[in-house]
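One structure is given here, and the rest of the page talks about it.
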Amino acid sequence: MIEINNLTKKFGKTTALRKVNLTLTSGTCVGLIGPNACGKTTLIKNILSMVVPTEGEIFFDGKNIHGDVFYKNNIGYMPQIGRYPENMSVRQVLQMIKNIRNHQGTEDKELYEAFEMEKIADKKMRTLSGGTTQKVSATLAFLFDPPVLILDEPTAGLDPIASEILRVKIIKEREKGKLILITSHLLSELDDLLTNIVFMQESVVVFNKTMEDLFAETGENRVSRAIHKLLKTEVLS
Amino acid sequence: MKGITTFIIKDILKNRIVILYTLILCGFSWSIFSLEDNVSKGILSLLNIILLIVPLVSVIFANIYMYNSTEFIELLVSQPVKRSSIWYAMFTGLAVALNAAFLIGIGIPVLLFIHPLTALVVILAGVLLTTIFVSVAMLCFILMRDKAKGIGLSIMLWLFLSLMYDGLVLFFMFQFADYPIEKIMVLLTAINPVDLARIQVLLQIDVAALMGYTGAIFKKLFGTQTGYFTSFIFMLVWIVVPYFFSLRLFKNKDL
């Protein structure tokens, strides 16, 4: 579905991504994890062409995304910190994105209803709290039923109830055979969500494994412990 | 991308500052024409507003609006919208809204009080200046990530084009008064859009005679149909070049 070839991104002198190669296929839920400033968000922004790669290519469904915008119709994106026009109401934001995407077919209103968006639909974006803004972002990402979902720190700032709603929704979408890419620091949350793990450190991909392989190699059954163990052994060897 | 453009136009027209700007322009033009019996004198007073206030408000408002729309632009980039469409929508939105304010504030009274052909030149000068300074403001936005620097740069450019440039040209003229510098003078004037607007309006009200020999040359060069056409082209260049330059930078900007 998404193929990344030799992707390098430099911001001035700092290198955010160094020769990243990655293939993401449909029907998997990929966890992109790693310490702060390891290049996770930059990788996602590259996939959405919000930043322009210094080197390398990204293919979406076999097509180079360079100079193309229509592939984004197939992506639902939930940013780490949703930044919206302050003067627009929630309803206006949703309506504008609908107009832009010119979406044919049904809308997925599950999250809209679960998060009770109708109650806040006429509030201005600037009056919303961080968590509520995240709910708007999540609703937008899932609204058009896209085959690819990219969620950057989806649960950061959400209360436990909302977080659980979102988790259930993610699992449900995974079962439909979508590609879901999640970044997170909270490893404990990811246990029953993921099928694959991509670990990044200092702007390179350290490993890309399925959960079964990871658990088999380490003899653990929790994501957090397995990764700890794997990193320890890699440092030692 | 009609949706985005109309959204921006509506958003700006609802803005209190733009409404205030329209009212102030209205107040100026109506009071000038009702108090002044001599239409030529009236146009001269109005000219100062068109050459100073209109570009200043356009450049600062457009620049601040761009900075305030950073989130909006970011949101649009993550959606299936071409970057060139986003840039075009921002430009059209700002230009249409600010020109609407100008046309209501100055265009209508000018059409009512003065000779239609003169009125047309005055209105065209104002519309072109508004659009030029919107284009310049967008260039300043893309050149400077920092808001304070961007607004500073756009004010500096306004100051330079509206006030300092004339001073420098005058200085140059006095220094080289003994040489035949008329052609260079004409060229120097043609480079600055504010000067072009000034000359075109002045030629309409026949005070070019007061400007002496240089005035005569201006009349000869700019007063003809080719002259009008050339000044129009030069002003269009001031819209097109900053626009496409900023568009190129925007296409490669990391958000």
According to a simple spin-label model (label point 7 Å from Cα along Cα-to-Cβ), what is the distance in nm between B:K183 and A:T106? 7.7 nm
For peptides A:108-118, B:87-97, sequence by mean Cβ density within 10 Å, most packed first: B:87-97, A:108-118
Can you divide the C-alpha Rg of region A:154-215 by 2.2 N^0.38 Å and report the result to two decimal places? 1.20
Which aspartates and glutamates does B:K220 reach when only Cα atoms under 18 Å apart count, and residues fewer than 8 places away in its own chain are ignored? B:E182, B:D195, B:D206
Share of Cα-Cα pairs in region A:104-237 beyond 19 Å, in percent? 56 percent
Across peptide A:97-108, how many C-beta atoms of other chains are within 10 Å of each residue C-beta, on average? 2
Once the Cα atoms of helix B:16-35 and of chain B are each reduced to a long axis, what angle between those two axes, in degrees from 0 to 90 to the nearest 10, is obtained? 20 degrees
Against the longest principal axis of chain A, how steep is helix A:223-236, in degrees 0 to 90 to the nearest 10, with axes from Cα atoms? 30 degrees
Loop only by DSSP, 11 or fewer other Cβ within 10 Å of the Cβ. Give me the trypsin sites (Lys or Arg not before Pro) in region B:1-74 that pass, ordered by residue number. B:K14
Per-residue average of Cβ from other chains inside 10 Å of A:47-54: 3
How big is region A:1-53 in terms of Cα radius of gyration and Dmax, in angstroms? 11.3, 37
How large is ³J(HN,Hα) for each residue in region A:142-157, as worked out from phi by the Karplus curve 6.51 cos²θ - 1.76 cosθ + 1.60 (θ = phi - 60°), to whole Hz, x for Gly and Pro? 8, 4, 9, 6, x, x, 10, 10, 10, 10, 9, 6, x, 9, 5, x
Evaluated at 20 °C and 1.002 mPa s, the Stokes-Einstein D of region A:2-236 based on the Kirkwood radius over Cα pairs, in µm²/s, stands at 115 µm²/s
Over all Cα pairs of region B:10-130, the Kirkwood radius sets Rh, and Rg/Rh then becomes 1.07
The farthest towards the positive end of the charge dipole of the protein assembly as shown, of the residues A:T106, A:N21, B:P109, given +1 on Cβ of Lys and Arg and -1 on Cβ of Asp and Glu, is B:P109
Round to the nearest 10 and give me the degree value, 0 to 90, for the angle of helix B:182-191's Cα axis relative to the longest principal axis of chain B. 20 degrees
Computed about the Cα centre, the charge dipole of region B:2-251 from +1 Lys/Arg and -1 Asp/Glu charges at the Cβ has a magnitude in debye, to the nearest 20, of 780 debye
Only Lys, Arg (+1) and Asp, Glu (-1) charged, at Cβ; the protein assembly as shown dipole about Cα centre in debye: 400 debye
Averaged over every viewing direction, what's the projected area of the C-alpha convex hull for region A:107-151? Give it in nm², one decimal, please. 3.3 nm²
Mean per-residue count of partner chain Cβ within 10 Å for B:77-85 equals 6
5 angstrom amide H check on A:K178, placed H, neighbours 5+ away: A:G27
Report relative contact order for chain A in percent, whole number only (criteria: Cα-Cα under 8 Å, sequence separation at least 6). 27 percent
Which whole-percent values make up P(r) of the protein assembly as shown when all C-alpha to C-alpha distances are grouped in 20 Å steps starting at zero? 20, 42, 24, 12, 1
State, to one decimal in nm, how far the label point of A:T127 lies from the label point of A:E3, with both points 7 Å from Cα in the Cβ direction. 5.0 nm
With +1 assigned to the C-beta of every Lys and Arg and -1 to the C-beta of every Asp and Glu, and no other charges, what is the dipole magnitude of chain A about the Cα centre in debye, to the nearest 20? 720 debye
If packing is taken as the average count of other Cβ atoms within 10 Å, what order do B:172-180, B:186-194 fall into, highest mean first? B:186-194, B:172-180
How long are the semi-axes of the equivalent ellipsoid of region B:72-175, taking √(5λ) for every eigenvalue λ of the Cα gyration tensor, in whole Å from largest down? 30, 24, 10
Scoring region B:2-251 by relative contact order with C-alpha pairs under 8 Å, at least six apart, yields a percentage of 26 percent
Spherically averaged projected area of region B:2-251 from its Cα convex hull (nm²): 14.2 nm²
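Read the figures in this text as sums done on the coordinates, not as results from a lab. Quick caveat: nothing in here was measured; it's all calculated off a predicted structure. Backbone-built Cβ (ideal geometry, glycine too); neighbour counts: all protein chains shown.
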